[in-house]
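Just below is one structure, and these are the notes that go with it.
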Amino acid sequence: MKAIFIFHFSLFILHFGALGAPNILFIAIDDMNDWTTLFDKSNPIQTPNIERLAARGMFFSKAYCNSPACNPSRASVLSGVRPSTSGVYGNNSDWKRALSDVTILPQHFKNHGYQTYASGKIFHHHGTEYHKYEAFDDFVEFPARQPDMPMPRNGNLNGIRSWTAPDGKKGPVSRNFDWGVYPRNPDDHIDNRTVDWAIEKIDANKSPFFIATGIFRPHMPFYAPQEWFDQYPLGRLTQPEIKEDDLEDLPDEAKALLHPPGRKFISTFEAEKLRDAYIFDKAIQGYQASASFADYQVGRLLDALDKSGKADNTIIVLWSDHGYHLGEKDHWEKFVLYEKATHIPYIIIAPGYKEGQICHRPVTLVDLYPTLTELCGLPAPEHLEGKSLVPLLKKPKSKWDPALITYQQGNHAVRSDRYRYIKYKNGDEELYDLEEDPNEWTNIAFRKGTAKIMKQHAAWLPTEDTEPIGPAR
C-alpha cells in the first residue's frame, strides 16, 4: 500500500509540479434556471458573483442537466451514469441500490489521497437513505424533508392555506409552496450555515482537498433576507414571457407531464388571485430574490478561497441540478423536458487554462466526473458514460455531440446546437428550432422538411431504457 501511495504522489509531482495536485471547490445550486444575467445582461436576475466566477474560466452557455429532477440529476453527476442506464428516474428512486457497484465522484478522489468534505445539498435531501457518508472525511448532514426548520409558526408566509385543484377542490397545502423574508436572523438561513462551514474547511485544510458545497436556494420555499427582496420591487418586476395558447400544438404525453395529477400550482395561483391580486408576482419576486441570495453565497465562497491563498491551485466547478419553470407552458417547477427546465449554469475554472471563455457546445452534467479526473491526473473509472470536457476547455469550438436529457423511463430530449427534439415513451414527438423560437412556442415536428432533422436527432436517443429502480426505504 505504501508503494502505491508513493507511486501516485510521484505522478502528481510530475504532472503538476511543486504545487502538487489541485484542490477542488465543487459548488451545486438547486433549481437555478437560465433567467440570470450570466446568460444575458438583459435578464432580470442579478448574478454578479457567478459572472465574476465565469470570468476566471469557462462558461458553458448550452449546458443541460441529465434529468430535470433533483435525485436523478444529482445521481448522474455523482456517478457519471445516465438515468436511462441506472434506472434512477424519480426523486424517490433508490440511487444507492441502483449504483451499488459504482464509485461515486468524491469517493474516487478520496481513494486517491484527497481530503473530502461536504455541506448543504449535494445528494438529494429527502432523508439519510439518499446520502453516502463514506465518500467524505467530514459531511454535514443536510436536514431531511425541510431544510428551513423551524418553519414559520403560523402557516405559510404567503397567506396560502390550501391547495386548489383544477376542479376547485381544496386540500392541505405544502409548506414548501411559500416565499418571503425568513428567517428573522439571516445568520440562521440554511445557506448561510452551509457556506460558513465550507469556508472553515477552506481555511483549515491543506491540499489536496475536495470541498462540495450545496446551496439550497432558489429551491422552494423562496426564503431570503429582506435586502434581496428589495432588489426586485413589485412595481418594477420583470415577468416571464408566457404564450396563452402555448399548449395547443403539444402531443398528449407532453400535456400529461406538464399537468400530472397532484400538481396544483397553477390552479392554486388562479384561485388565490381572488384574495391577493399580486400573488403570482410575489412568487416570481421570491424566486428572483432567492436566486440572487444564492449568488451572494457563491461570492462568499470565492472571497474566502482568494483570501486563503489557495485559489491559484484550485479547480472550481459550479452547476445547477436543473432549471425551473415559472409559468412558462402553464407549468411551475421542473419535471418536463423543455429548455427552461433543463438549461443550467455550468462553469469550470481550471489552473493553467484560459480565462473568460464561453463555450456554446451542448454539454451535460454527466461529463463532470470524467472532466475532473482528467484535470487532476487521476485514472477514469471504466463505468463513466460522459465525456471529459477538457478538449472544450482547450478549444471551445471543437466538434461535440448533442446533449441527452431524460425524465422518467422512455422520455428523452436531444439538444443540439440549434434544435431540441423530444420523444416520449408512447412515440409522441416534438421539435423546436431554438434559433428562431427560443421560447419553444412552436412545435415544428412533422412540418415539411423536418423529418430528416428529427431522424438525425433520434439517432442520439439511448438504445436501452433500464427499468425503474424502486423507492429508497
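Here are some notes:
- Candidates I279, I315, filtered to the one that is open to solvent by less than 20 Å² (accessible area, probe 1.4 Å), more than 19 Å from F39 (Cβ to Cβ) and touching a Lys or Arg at 6+ places or on another chain (Cβ under 9 Å): I279
- Residues considered: L38, L25, L78. Of these, the only one that is part of a strand (DSSP E or B), closer than 21 Å to I316 by Cβ and either modelled with pLDDT of 95 or more or open to solvent by 10 Å² or more (accessible area, probe 1.4 Å) (or both) is L25.
- All of E244, E253, E270 fail the test of being open to solvent by 20 Å² or more (accessible area, probe 1.4 Å), within 26 Å of E339 (Cβ to Cβ), assigned to a loop (DSSP other than H, G, I, E, B) and of a type outside the set (F, W, Y), apart from E244.
- Residues being open to solvent by less than 30 Å² (accessible area, probe 1.4 Å), touching a strand residue (DSSP E or B) at 6+ places or on another chain (Cβ under 9 Å) and within 13 Å of R473 (Cβ to Cβ) - total across region 90-112: 2
- P68 satisfies every condition listed in (1) part of a loop (DSSP other than H, G, I, E, B); (2) over 16 Å from the mean Cα position of the chain (by Cα); (3) crowded, with 22+ Cβ neighbours inside 10 Å; (4) not aliphatic (A, V, I, L, M) except (2).
- The single condition among (1) open to solvent by less than 30 Å² (accessible area, probe 1.4 Å); (2) under 26 Å from the mean Cα position of the chain (by Cα); (3) β-branched (V, I, T) that T450 does not meet is (2).
- In the set P381, P396, P351, P345, only one residue is touching a residue at least 12 places away in the same chain (Cβ under 8 Å) and crowded, with 20+ Cβ neighbours inside 10 Å; that residue is P345.
- Filter result for R473 (open to solvent by less than 20 Å² (accessible area, probe 1.4 Å) and either in contact with a Pro (Cβ under 8 Å, 6 or more places away or on another chain) or at negative phi (or both)): no
- Filter result (within 30 Å of I24 (Cα to Cα) and out of contact with any helix residue (DSSP H, G or I) (no Cβ under 9 Å at 6 or more places or on another chain)) within region 254-290: Y287
- Every pair of residues 6+ apart whose Cβ atoms lie under 8 Å, when the first sits in region 107-119 and is on the phi < 0 side of the Ramachandran plot while the second is assigned to a helix (DSSP H, G or I) and among the hydroxyl-bearing types (S, T, Y): H108/Y369; H108/T373; S119/T194
- Counting only strands (runs of 3 or more DSSP E) wholly contained in region 113-215, the ones carrying 1 or more residues that are in contact with a strand residue (DSSP E or B) (Cβ under 7 Å, 6 or more places away or on another chain), among the β-branched types (V, I, T) and more than 30 Å from L302 (Cβ to Cβ) occupy 162-164.
The values are calculated or read from the model by the stated rules, or taken from the named source; none is laboratory data. Computed from a predicted model, the values in this text were never measured in an experiment. Counting neighbours? That spans all protein chains shown, and the Cβs are built from the backbone with ideal geometry, glycine included. These accessible areas exclude ligands, DNA and RNA; they are computed on the full protein's heavy atoms, side chains included. Shrake-Rupley method; radii C 1.70, N 1.55, O 1.52, S 1.80 Å.
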